[in-house]
Structures are given as C-alpha cells and as structure tokens.
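So the structure is just underneath, and the comments pick up after that.
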Amino acid sequence: MTKDQASDCGPDARRRALGLLARATVDELAGPLARFWPDVTPRELRPADTGLVMLRGRAGGDGAPFNLGEATVSRAVVELPTGERGFGHLLGRDVEQARRIAALDALWQRDGDCALLEAHVLGPIAKRLTAAIAKHAAETAATRVEFFTLVRGEDAA
Amino acid sequence: MYVAVKGGEQAIRNAHALLADKRRGDRDVPAITTTQIDEQLALAVDRVMSESSLYDRRIAALAIKQARGDMIEAIFLVRAYRTTLPRFGFCEPFDTGAMALRRRISATFKDLPGGQVLGPTFDYTHRLIDFELDAGTEVPTAPTASAPPPGSSPRVTDLIARDDLIERETTAPHDAPVSDITRDAPSFPSPRDARLQTLARGDEGFLLGLAYSTQRGYGRNHPFVGEIRFGEVEAELFVEELGFAVPLGEVAVTECQMVTQFTGGDGRPARFTRGYGLAFGQSERKAMSMALVDRALRAEDYSEERKGPAQDEEFVLSHCDNVQATGFVEHLKLPHYVDFQAELALLRRLRREGEAKAEAAE
Amino acid sequence: MSLAAFADPVFESQAAFRAVLRAMSSPGAVMSLGAGVTPPAPLRPAAAAVLLALCDFETPLWLSPAYAGSEVGAWLKFHTGATVAKEPAGAAFALIDLARDPLDLAAFAQGTAAYPDRSTTIIGEVEGLATAPGLRLIGPGVNGEARLAVSPLPPQFAESWRINNEGFPLGIDMVFAAPGAVAALPRTTRILGIV
C-alpha cells in the first residue's frame with residue numbers, strides 16, 4: 001500500500017503524525033525502529049539540541065497574545081540516504097527521542113514505509129492516547145455537579 | 001559600598017558539604033525522588049514552573065529537592081537553568097477554548113453548557129488533617145461517569161458577550177509585535193501584554209495580598225469568577241521548513257476570567273469589565289489573583305482613579321518578581337563592613353558633639 | 001544545507017565568541033578562527049564561524065549583493081534561524097564582501113540614544129588581515145597605537161570611519177574576516193592615518 005493510499009499526503013496528515021510522535025513514549029518509538037528499520041541510520045543535518053520555546057496566551061483568552069513563559073523543547077533534523085528529510089520536535093529535554101521522531105518523520109515520507117509506520121507506530125500511540133483521554137474525561141465527568149431543585153412546601157401545595 | 005573580601009573558601013566548601021548532608025538527613029529514611037515530587041507534590045512543581053517561567057516538570061521537581069523545599073530558592077535555580085538554553089522561537093498562542101478540561105466552574109451562572117465540573121479540587125474538603133495519609137493507606141482509583149463530547153463547554157465570557165453585556169478583548173494583527181520583558185527593560189506605562197507576562201511569573205503570595213486588598217476596598221472591583229478552567233492545551237511551533245505549526249505536546253494551564261464592575265459613559269453602553277489570569281499547572285489561586293490585579297491595573301481603560309496599591313503599576317510590577325525581590329533583600333547579607341564603619345564613626349561623632357554641647361550648656 | 005556548521009556547537013561557538021570578543025576589546029589584534037566549518041560559497045569559514053556564533057532567529061541579517069543567488073542565506077537560516085533582512089537599516093548583522101561590494105556605513109542601523117547597542121554589526125569579508133603597516137589605530141583597548149593591515153580596504157574607508165566616530169555613542173562596529181582570521185573595529189577606535 002503506498003503512502004497515497006494509506007492516508008492523504010497533505011500537510012494535515014504529516015502534522016497529525018508528528019503530533020502523535022511528539023506524545024509517544026520512548027518504547028513506542030525505539031521498539032519499532034529497532035524491529036523494522038534496524039539498519040536505517042539517518043544523517044544528522046544539524047546537531048540535535050535542547051532549547052526553549054516561548055509559550056503564549058491571549059489576553060482574556062481570545063484577545064491579543066502575550067508571552068506566558070518558556071518551555072524546554074528538543075529538536076532534530078535528519079536526512080535518509082534516499083533523500084527524505086525528517087524533523088523531530090517535542091517538549092522536554094530528550095534529544096534522543098527528538099532524533100527518533102525525525103527518523104520516523106523521514107521514513108513516513110517514503111512509500112512503503114508509511115503504511116508500516118501507521119500500523120506499528122502511529123496506530124498504537126493513537127490507541128493509547130484515546131484510552132487515556134477517555135479515562136481522564138470519565139474521571140472528570142464524575143465530578144460534574146448534578147443540580148436538583150427542591151420543591152418548596154408552598155409550591156407543592 | 002561592597003568590600004572585596006578574600007578567604008573563607010574552606011568554610012564555604014564545608015558549608016556546602018554540611019548543606020548536602022542536612023538535605024539528605026537521616027540515612028535510614030529513604031531518599032525522596034524527583035519522580036515522587038513530580039507526582040505527589042505536583043502543585044509545588046506547578047508553582048515553581050509558573051514563577052520561574054519555565055515549563056519543565058522534572059527540572060522543577062529536581063530544583064525543589066535541591067532547594068530542600070524552599071520554593072523561592074527552587075524558582076531561583078530554575079531561572080538560572082533557563083539562561084543556559086537558547087530560544088528557538090515562539091509558540092502559537094494557546095486556544096484555551098479547546099482545552100481538554102479537567103476542571104471548569106463558574107460563579108456567575110449555575111447552569112452552563114458543559115456544566116460545573118469540579119475536577120480534583122480542595123474546595124469542598126473540610127480542611128481536617130487526614131491522619132490516614134500519614135498511615136500510608138492505599139488510595140482507590142477515582143470514580144468515572146460517561147463523558148460529554150468535546151466542545152461542549154464554551155467560554156462563559158462568550159455567553160455573556162452574546163448580549164453585548166461584557167467588554168470584548170481587543171485583538172491584534174497576526175504578526176503584531178508582542179512585548180517581551182525578558183528582552184526589553186520595563187518602562188511605564190506598561191502595555192497590557194507586558195503586564196500579563198510580568199504577573200504570570202509574579203509571586204503568588206504577593207499577588208494574593210494585592211488581590212485581597214482590591215476586595216477590601218483598596219480599588220473598586222466588584223468581582224465574580226466568570227470562569228475557571230484547568231486542563232491541557234496543545235503547544236504548537238511554526239516550523240518554516242515544514243510550512244505548518246508542529247505540535248510539541250501538551251501543557252497544563254489554569255485560566256481565570258474575572259467579571260468585574262460594569263462601567264459605561266461617554267455614550268458607551270454599560271458593560272461588565274474583565275480581568276484575566278493564566279498560570280502553568282493547576283495554579284488556581286495564582287490565576288485568580290493575577291486576574292484581579294490585571295483588572296486593577298487596567299484603571300486607564302476604565303477612567304478609574306488609581307488609589308490603591310494594586311492599581312499602582314510601578315509598585316505592582318517592580319515588586320512582584322520574587323527572584324528580583326529576594327536578590328535585593330538577601331544581598332544585605334553581603335559584607336557592608338566599610339559602609340557600616342562609616343555609619344558607626346558618624347554616629348559616635350554626633351554623640352560626642354551632642355555631649356559636648358550639653359556640657360557647654362551647663 | 002548539508003555543509004558542515006559547528007560540529008560541537010557549544011565549544012565552537014564559545015571559541016568564536018571569544019575570538020570576536022578579544023578582537024573587539026583589543027582593536028588591531030588578529031585572532032584565528034574558522035577551522036572545521038564548511039560554508040557554501042562564496043562565504044568563507046572565519047566569517048561563517050562569526051555568524052554561526054552570533055546570529056539567531058531574533059537577529060535579522062543583511063547580505064550584500066555578492067551573496068545573492070547563493071546558498072548562503074538559506075544555510076545561515078537553517079543553522080541559526082536568522083532571517084534575511086530586506087533593508088540594511090533593519091539588520092542586526094550585515095555580511096558584506098568588501099572585495100566586490102561597496103560599504104556604506106550610514107545605510108545601516110546606528111542605534112538609538114536609549115539603546116546605542118542596537119546598531120548593525122558589520123562582518124566584512126576581506127582577503128587578508130595582519131598586524132602590519134596599514135591602518136594606524138588609537139582608542140580604548142589600544143596600548144598607544146596599533147597597526148592593522150586590511151586588504152582590500154574599502155575606498156575612502158578612513159573618512160567613512162571618521163564620520164562613524166563622530167556619531168558616538170551611536171555608530172557601527174565592524175568585524176573583518178579574512179581566511180582563517182578575524183579583527184575588529186569598535187566604534188570607539190579612531191584611525192589616525194594609513195601607513
């Protein structure tokens with residue numbers, strides 16, 4: 001199955017993939033990389049590093065932006081021998097994980113590898129996240145207040 | 001005047017060793033781990049992240065451990081750590097309307113789309129010390145219920161705004177410059193974005209006291225909690241080589257919208273006014289205090305006379321940063337020997353002159 | 001884009017920074033720099049090292065015409081995040097090929113009264129730098145008088161620099177970059193003459 005058939009090839013599909021990769025655990029990326037692409041050694045185009053991004057809020061929630069504070073972020077840019085360039089970004093200081101994301105982003109762009117990635121990397125991450133989101137939502141929903149009004153004596157009469 | 005003093009290297013080395021020893025404490029007691037701090041003292045971690053202005057839970061947890069629980073010392077450590085990292089860019093502004101909610105309440109309306117959702121709150125506890133906690137009793141998992149579909153909880157301020165009863169926030173063109181107090185020295189009057197950035201990293205205690213003062217009459221707020229929401233929002237960074245904003249992961253934030261005293265006049269219809277607070281983690285008291293102080297500082301926008309300390313921009317913004325504050329307060333510990341000798345000499349001379357005059361008068 | 005920038009960004013950018021710092025604080029000193037960096041033509045290693053160390057996404061960079069149509073802008077953007085400035089007056093840094101392009105100090109940002117440091121810092125690529133007869137330099141950081149040979153020297157440079165001196169505290173600071181070496185003229189350095 002080619003990349004075109006597995007999912008659309010536009011920026012939205014790639015963005016979705018990168019979003020899932022950014023939230024992956026180390027095992028969810030290291031495991032499949034070792035299992036399916038053990039001989040893939042992408043070249044680092046720029047040394048992977050950790051830095052800061054400034055997070056922003058909006059005044060009043062929907063007004064003009066303001067700088068809220070920074071977050072640590074790690075990033076990597078790699079290139080496969082076949083020419084695909086992959087970008088890895090995630091919150092936190094795990095540079096090795098950024099490299100894994102970049103490698104998988106590059107592989108995602110290769111026909112043939114994309115479907116494998118969807119099945120063995122993105123699919124399992126999405127499944128875990130869906131379950132976690134559902135659990136949090138269910139716990140939160142249990143704390144929703146059910147108001148009931150008391151009928152007063154005069155009204156009931 | 002500061003004296004350059006030498007000597008004391010050995011004393012300092014020994015002091016650091018003593019500090020490390022005391023920090024570890026009784027070796028028969030298990031050492032506390034940063035994971036435990038991150039998990040079980042999560043609100044301490046949230047405060048350190050907010051006031052050091054760096055969202056990284058493990059760094060904040062480690063700083064708390066290193067600082068032996070002294071929160072401002074921990075904040076100082078994280079501020080220092082922040083200076084060792086290069087900045088890559090600015091994230092897209094958070095869409096708190098799309099937050100994955102863990103808590104959402106309003107004091108203005110009982111029935112809201114999405115409802116009043118309490119989340120993990122202390123609000124209704126009876127504040128009785130729980131000795132079961134000390135006994136290490138196992139804690140059961142939380143109860144669950146069926147969840148509503150996402151997007152069920154619109155902003156309360158939008159609901160009030162539907163009838164044009166609350167002022168709207170001003171928006172800005174997409175690439176308008178945003179003030180950055182980490183780059184430009186503050187100047188007064190300060191634009192609102194710089195004020196919000198300053199308040200966001202401000203000391204919770206200081207802002208709480210100022211917020212309280214506005215309620216006690218030092219300022220004319222009549223505030224209501226329009227909405228408090230706590231949960232996760234997505235951080236996204238625009239990467240030029242990709243041409244789109246890349247998701248980086250989730251950030252937990254608390255947002256508070258205060259609905260305050262309505263005002264009108266000059267032909268404008270009366271509308272509720274607003275204050276806004278936003279903080280990292282589940283930092284509700286901070287977000288609320290920030291919102292009240294934000295509103296107090298907006299005196300110009302509402303033609304209000306600045307009478308209370310919370311309305312004094314220079315007072316609030318220059319003193320709310322606890323690292324700056326402790327820097328100057330604690331610097332008093334540095335040797336001021338020569339300074340003090342000069343004072344002592346002056347005082348003695350004045351005494352002598354005074355005594356001489358008194359004798360002469362007799 | 002695949003050409004090598006700093007292999008070890010921490011140590012190499014520190015070394016580049018210290019070289020420029022030393023060059024600025026002791027005008028006339030020639031510091032070696034640039035080993036291990038392979039920039040795209042026509043940018044050469046010493047100038048590349050300076051830009052890699054000093055530029056980031058918040059410092060717009062103006063490129064003189066000699067660099068137009070080359071990979072230089074894209075390479076620097078990739079490695080530092082620096083955007084190309086459209087106008088000289090909007091640039092934090094400017095890269096000028098002094099052998100091929102004119103040097104107009106007045107066209108760049110001069111700084112403001114409140115922030116004199118917010119002027120453009122110019123990195124001028126030349127063929128040779130030596131502590132040898134050339135410019136006679138005096139001023140802060142110079143013990144008596146220093147000699148700096150810059151080749152090629154832009155036409156009327158001494159006169160342009162005199163006008164730059166008069167604008168103090170505003171004005172341009174310059175870094176010269178030759179193969180393997182850098183030297184610098186902060187705005188406080190005066191040129192007595194050319195030997």
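The values are calculated or read from the model by the stated rules, or taken from the named source; none is laboratory data. The structure presented is a predicted model; accordingly, all values stated were derived computationally and were not measured. Note: ideal-geometry Cβ built from the backbone for every residue, glycine included; neighbour counts use all protein chains shown. Note: accessible area is taken over every heavy atom of the protein model, side chains too, but ligands, DNA and RNA are not part of it. Shrake-Rupley method; radii C 1.70, N 1.55, O 1.52, S 1.80 Å.
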**Request:** Inspect the stretch A:130-148 for any residue being more than 14 Å from chain B (Cβ to nearest Cβ), more than 30 Å from B:D180 (Cβ to Cβ) and exposed (fewer than 15 other Cβ atoms within 10 Å of the Cβ) and give the result as yes or no.
**Result:** no
**Asked** Just wondering, is there one or more residues in the stretch A:45-53 that are in a helix (DSSP H, G or I) and either modelled with pLDDT of 95 or more or exposed (fewer than 14 other Cβ atoms within 10 Å of the Cβ) (or both)?
**Response** no
**Message:** Return the pair list, or none, for Cβ contacts closer than 7 Å from residues in the stretch B:200-218 that are modelled with pLDDT of 95 or more to residues that are polar (S, T, N, Q) and open to solvent by 20 Å² or more (accessible area, probe 1.4 Å), at least 6 apart or on different chains.
**Reply:** none
**Fill in**
Those residues of the stretch C:97-137 which are touching a Leu at 6+ places or on another chain (Cβ under 6 Å) and among the β-branched types (V, I, T) amount to C:I123, C:V126
**Fill in**
Of the residues in the stretch B:139-148 that are open to solvent by 90 Å² or more (accessible area, probe 1.4 Å) and not β-branched (V, I, T), the one that is nearest to the other protein chains (Cβ to nearest Cβ) is B:P143
**Request:** Answer with yes or no whether C:A48 is more than 14 Å from chain B (Cβ to nearest Cβ) and open to solvent by less than 20 Å² (accessible area, probe 1.4 Å).
**Result:** yes
**Prompt:** Can you name every residue in the stretch A:54-79 that is touching a residue at least 12 places away in the same chain (Cβ under 8 Å) and touching a Lys or Arg at 6+ places or on another chain (Cβ under 7 Å)?
**Reply:** A:M54, A:N67, A:L68, A:G69, A:E70, A:T72, A:S74, A:A76, A:V77, A:V78, A:E79
**Message:** If I filter the stretch A:55-74 for residues that are farther than 30 Å from B:E169 by Cα, at pLDDT 95 or above and within 15 Å of the chain's Cα centre (by Cα), do I get at least one hit?
**Reply:** yes
**Prompt:** For the stretch B:191-210, how many residues meet the condition of being surrounded by fewer than 19 Cβ atoms within 10 Å (Cβ to Cβ) and either within 14 Å of another protein chain (Cβ to nearest Cβ) or out of contact with any Cys (no Cβ under 9 Å at 6 or more places or on another chain) (or both)?
**Reply:** 4
**Message:** I'd like the full set of residues that are within 15 Å of B:P189 (Cβ to Cβ), part of a loop (DSSP other than H, G, I, E, B) and open to solvent by less than 10 Å² (accessible area, probe 1.4 Å), limited to the stretch B:289-314.
**Reply:** B:A299
**Prompt:** Does the stretch B:71-79 contain at least one residue that is modelled with pLDDT of 95 or more, assigned to a helix (DSSP H, G or I) and over 22 Å from the mean Cα position of the chain (by Cα)?
**Reply:** no
**Odd one out for B:S153 among (1) closer than 21 Å to A:F147 by Cβ; (2) touching a Lys or Arg at 6+ places or on another chain (Cβ under 7 Å); (3) at the interface with chain A (Cβ under 8 Å from one of its Cβ atoms); (4) among the polar types (S, T, N, Q)** = (3)
**Message:** Among the residues that make up the stretch C:92-115, is at least one of them within 14 Å of chain A (Cβ to nearest Cβ), touching a residue at least 60 places away in the same chain (Cβ under 8 Å) and on the phi < 0 side of the Ramachandran plot?
**Reply:** no
**Message:** Taking the conditions exactly as written (among the hydroxyl-bearing types (S, T, Y), free of Cβ contacts under 8 Å to residues at least 60 places away in the same chain, within 12 Å of chain A (Cβ to nearest Cβ) and not in a loop (DSSP other than H, G, I, E, B)), does B:Y124 satisfy them or not?
**Reply:** no
**Message:** Quick check on my filter: what residues within the stretch A:54-67 are under 21 Å from B:P247 (Cβ atoms), open to solvent by less than 10 Å² (accessible area, probe 1.4 Å) and either basic (K, R) or touching a helix residue (DSSP H, G or I) at 6+ places or on another chain (Cβ under 6 Å) (or both)?
**Reply:** A:G61, A:N67
**Item:** Subset of the stretch B:161-178 that is more than 7 Å from chain A (Cβ to nearest Cβ), open to solvent by less than 100 Å² (accessible area, probe 1.4 Å) and not β-branched (V, I, T) - its residue that is farthest from B:F109 (Cα to Cα)
**Value:** B:A176
**Complete:** A careful count of residues in the stretch C:15-45 that are assigned to a helix (DSSP H, G or I) and either in contact (Cβ under 8 Å) with a residue 24 or more places away in the chain or open to solvent by less than 70 Å² (accessible area, probe 1.4 Å) (or both) gives 9
**Prompt:** Just a yes or no: is a residue in the stretch A:87-101 more than 8 Å from chain B (Cβ to nearest Cβ), part of a strand (DSSP E or B) and at pLDDT 95 or above?
**Reply:** yes
**Request:** Please find, within the stretch B:271-283, the residue that is nearest to the chain's Cα centre (by Cα) out of those that are assigned to a strand (DSSP E or B) and more than 11 Å from chain A (Cβ to nearest Cβ).
**Result:** B:F272
**Request:** Could you tell me whether the stretch B:257-270 includes any residue that is of a type outside the set (A, V, I, L, M), within 24 Å of B:A194 (Cβ to Cβ) and in a loop (DSSP other than H, G, I, E, B)?
**Result:** no
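To keep it simple, each residue is scored yes or no on (1) open to solvent by less than 50 Å² (accessible area, probe 1.4 Å); (2) touching an Asp or Glu at 6+ places or on another chain (Cβ under 8 Å); (3) closer than 30 Å to C:T59 by Cβ; (4) within 11 Å of chain A (Cβ to nearest Cβ).
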| residue | (1), (2), (3), (4) |
| --- | --- |
| B:V45 | yes, yes, no, no |
| B:Y55 | yes, yes, yes, yes |
| B:A67 | yes, yes, no, no |
| B:P86 | no, yes, yes, yes |
| B:F90 | no, no, yes, yes |
**Message:** When the residues of the stretch B:317-342 are narrowed to those that are without any contact (Cβ under 8 Å) to a residue 12 or more places away in the chain and open to solvent by 70 Å² or more (accessible area, probe 1.4 Å), which ends up nearest to B:M290 (Cα to Cα)?
**Reply:** B:Q324
**Request:** Among the candidates B:R271, B:R229, B:R192, single out the residue that is among the basic types (K, R) and under 15 Å from B:R104 (Cα atoms).
**Result:** B:R229
**Request:** For the stretch A:17-47, name all the residues that are free of Cβ contacts under 8 Å to residues at least 40 places away in the same chain, of a type in the set (D, E, K, R) and within 14 Å of chain B (Cβ to nearest Cβ).
**Result:** A:R46
**Fill in**
For the stretch B:133-162, pairs from a residue that is over 24 Å from B:G277 (Cα atoms) to a residue that is surrounded by 14 or more Cβ atoms within 10 Å (Cβ to Cβ) and of a type in the set (D, E, K, R), with Cβ under 8 Å and 6 or more apart or across chains, are B:A142/A:E139; B:P143/A:E139; B:T144/A:K135; B:T144/A:E139; B:A145/A:R144
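Yes or no, residue by residue, for (1) open to solvent by less than 10 Å² (accessible area, probe 1.4 Å); (2) facing chain A (nearest Cβ under 9 Å):
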residue: B:H222; (1), (2): no, no
residue: B:V225; (1), (2): no, no
residue: B:A235; (1), (2): yes, yes
residue: B:G243; (1), (2): no, yes
residue: B:L248; (1), (2): yes, yes
residue: B:A252; (1), (2): no, no
residue: B:Q257; (1), (2): yes, yes
residue: B:G264; (1), (2): no, no
residue: B:G267; (1), (2): no, no
